[in-house]
Amino acid sequence: MDFVLRIFFSGLIALLPSADGTEMTVLLVNTPQEYALSDGSPLPHHMPLLVARAASCEGTCTTGDQAMIAQYLFARKTPTEALTALNGALSGGGAWLLNSSDLSLVGPQEPLAIRTGARGSNNDGTPHVVPATPGEREDFSWVPSIASIAPGVNGFKAAVSTGDETPPPCMIAARLKLRNGRVFTYSLVKVDGMARPVHFRKPSGEGPDATYQQAAANWVEAEIHVPGEFVEIDDQNFTDPDHRRVMKLRPQNGVVEVALLNLPPFETPDPGAPPAPQQPGHHYQVFYDLVKTPPARAERLVPYPVTAAPSEPQVSWSSLHPREALWSDLLEQLGLSPRGKGPYDLALCPITRP
């Protein structure tokens, strides 16, 4: 017997593939409560979470944080309703609040394959800035590259990019060393129902746009084929060697679904509610703290929603994200499906890579 493990990544997360492509480090970036943005305003705290939907779970599947997690994910509900909704989303799985968490998977055997080479080019050889097909959308290159956005940052600090070192908990809430499965772009930022190039500029909105302009991934998926009857997720605390927990998850209808989320507080819009205000992706400023040469905060380029120029390519978002192929019971039940009117249609929360 084998089954599929699907892991979804979204929010304040950096993805660092190794040079040989055999491993990818997933970093959930910490947001201290006192973190100040370039204009002096506080950055809303992002809550790093692991939520898993499965037929059953053995081990440390629930903790004393369940009520907090439920209220965070279902803010419009009463505490009792929120907990019921969370349990429904998890089915027989579990949920963890992550803190200094070094995560690993036990069970998968297939090698890592990061989806590349699917992105098309124009007649002049320049790469497309918006994909034309669902297959092209899967290319990993839609994950924004911070080094391309802001040349001169000189890569990520060794303290967060070297797999053998313990990352500083003040910077990293959780880390996963992913060595298995097919990794691809699951969803692109959607603006007015379209996939468009995302522009990067100073947080103030002043000055010219960065030359780096393309559609941007706000969800990435790893699809992993697992032999046997279960998969284990291991969490070893960075700072406390005695603090370890394990989930042993068994598939439901041949699938285990896991979401690694690092999102700010949100409320899913009511049906028929107007679109959320178009605010720049201020959280992107935090990624610059991970690089060797971070710019001053006022100079840190962040994603900005802009009105598409007549000459700028845009493609219907739904045509690039077929419902049947990308359906997720977990994300649907959490109210986070990219196909719905989720809280991040216009909040511009792309993840990043070096």
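The values are calculated or read from the model by the stated rules, or taken from the named source; none is laboratory data. Because the structure is predicted, anything quoted here is derived from the model rather than measured. Please note: Cβ atoms are built from the backbone with ideal geometry, for glycine as well, and neighbour counts cover all protein chains shown.
Among the residues that make up region 167-175, is at least one of them crowded, with 21+ Cβ neighbours inside 10 Å, at pLDDT below 90 and not hydrophobic (A, V, I, L, M, F, W, C)? Checked against the condition, which is being crowded, with 21+ Cβ neighbours inside 10 Å, at pLDDT below 90 and not hydrophobic (A, V, I, L, M, F, W, C), region 167-175 yields at least one hit. Within region 286-318, which residues are loosely packed, with under 14 Cβ neighbours inside 10 Å, under 24 Å from the mean Cα position of the chain (by Cα) and assigned to a helix (DSSP H, G or I)? Across region 286-318, the qualifying residue is only SER318. Of the residues examined, ASP102 is one that is among the acidic types (Asp, Glu) and closer than 27 Å to LYS292 by Cα. Scanning region 102-132 for residues that are surrounded by 13 or more Cβ atoms within 10 Å (Cβ to Cβ) and closer than 13 Å to PRO313 by Cα turns up HIS128, VAL129, VAL130, PRO131, ALA132. When LEU98 is tested against (1) over 23 Å from ASP234 (Cβ atoms); (2) surrounded by 15 or more Cβ atoms within 10 Å (Cβ to Cβ); (3) in contact with an Asp or Glu (Cβ under 9 Å, 6 or more places away or on another chain), exactly one condition is not met: (1).
Pick out the one residue from ALA82, ALA118, ALA132, ALA95 that is farther than 20 Å from PRO264 by Cα and in contact with a helix residue (DSSP H, G or I) (Cβ under 6 Å, 6 or more places away or on another chain).
Checking each option against the conditions leaves just ALA118.
Residues that are outside any strand (DSSP E or B) and buried (at least 16 other Cβ atoms within 10 Å of the Cβ) within region 192-235 comprise ARG196, PRO197, LYS202, PRO203, ALA210, TYR212, GLN213, ALA215, ALA216, PHE230, listed in sequence order.
The sole residue among SER10, SER18 that is touching a strand residue (DSSP E or B) at 6+ places or on another chain (Cβ under 9 Å), within 30 Å of LYS202 (Cα to Cα), surrounded by 17 or more Cβ atoms within 10 Å (Cβ to Cβ) and not hydrophobic (A, V, I, L, M, F, W, C) is SER10.
Okay, residues lined up against (1) within 24 Å of SER141 (Cα to Cα); (2) among the hydroxyl-bearing types (Ser, Thr, Tyr):
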site: MET1; (1), (2): no, no
site: ILE13; (1), (2): yes, no
site: LEU16; (1), (2): yes, no
site: GLU23; (1), (2): yes, no
site: THR31; (1), (2): no, yes
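Which residue pairs have Cβ atoms under 7 Å apart, sit 6 or more places apart or on different chains, and have a first residue in region 184-196 that is at negative phi and a second that is acidic (Asp, Glu)? So the pair list comes out as PHE184/GLU138; PHE184/GLU221; THR185/GLU138; THR185/ASP139; TYR186/GLU221; LYS190/ASP345; ARG196/GLU312. If you check every pair at least six apart or on different chains, which have Cβ atoms under 9 Å apart with a residue in region 219-247 that is at positive phi first and a residue that is assigned to a loop (DSSP other than H, G, I, E, B) second? That search, which allows pairs on different chains as well, returns GLY228/MET1; GLY228/GLY107.
When restricted to residues that are at pLDDT below 65 and among the aliphatic types (A, V, I, L, M), region 267-315 contains 3. Taking region 32-54 only, how many residues are under 17 Å from VAL246 (Cβ atoms) and of a type in the set (Gly, Ala, Ser)? Going through region 32-54 one residue at a time, the tally reaches 2. Quick one: in region 136-165, of everything that is touching a strand residue (DSSP E or B) at 6+ places or on another chain (Cβ under 8 Å) and polar (S, T, N, Q), which residue is farthest from ASP289 (Cα to Cα)? Here the residue is SER141. Quick one: would you say CYS57 is crowded, with 16+ Cβ neighbours inside 10 Å, touching a strand residue (DSSP E or B) at 6+ places or on another chain (Cβ under 9 Å), touching a residue at least 60 places away in the same chain (Cβ under 8 Å) and in a loop (DSSP other than H, G, I, E, B)? In short, no. Name the single residue, out of those in region 60-86 being in contact with a strand residue (DSSP E or B) (Cβ under 6 Å, 6 or more places away or on another chain) and in a helix (DSSP H, G or I), that is modelled with the lowest pLDDT. Within region 60-86, the match that is modelled with the lowest pLDDT is TYR72.
Residues that are assigned to a strand (DSSP E or B) and within 21 Å of LEU15 (Cβ to Cβ) within region 236-251 comprise just one, GLN236. Per the conditions (1) assigned to a loop (DSSP other than H, G, I, E, B); (2) of a type outside the set (D, E, K, R); (3) surrounded by 15 or more Cβ atoms within 10 Å (Cβ to Cβ), the sole criterion not satisfied by ALA147 is (1).
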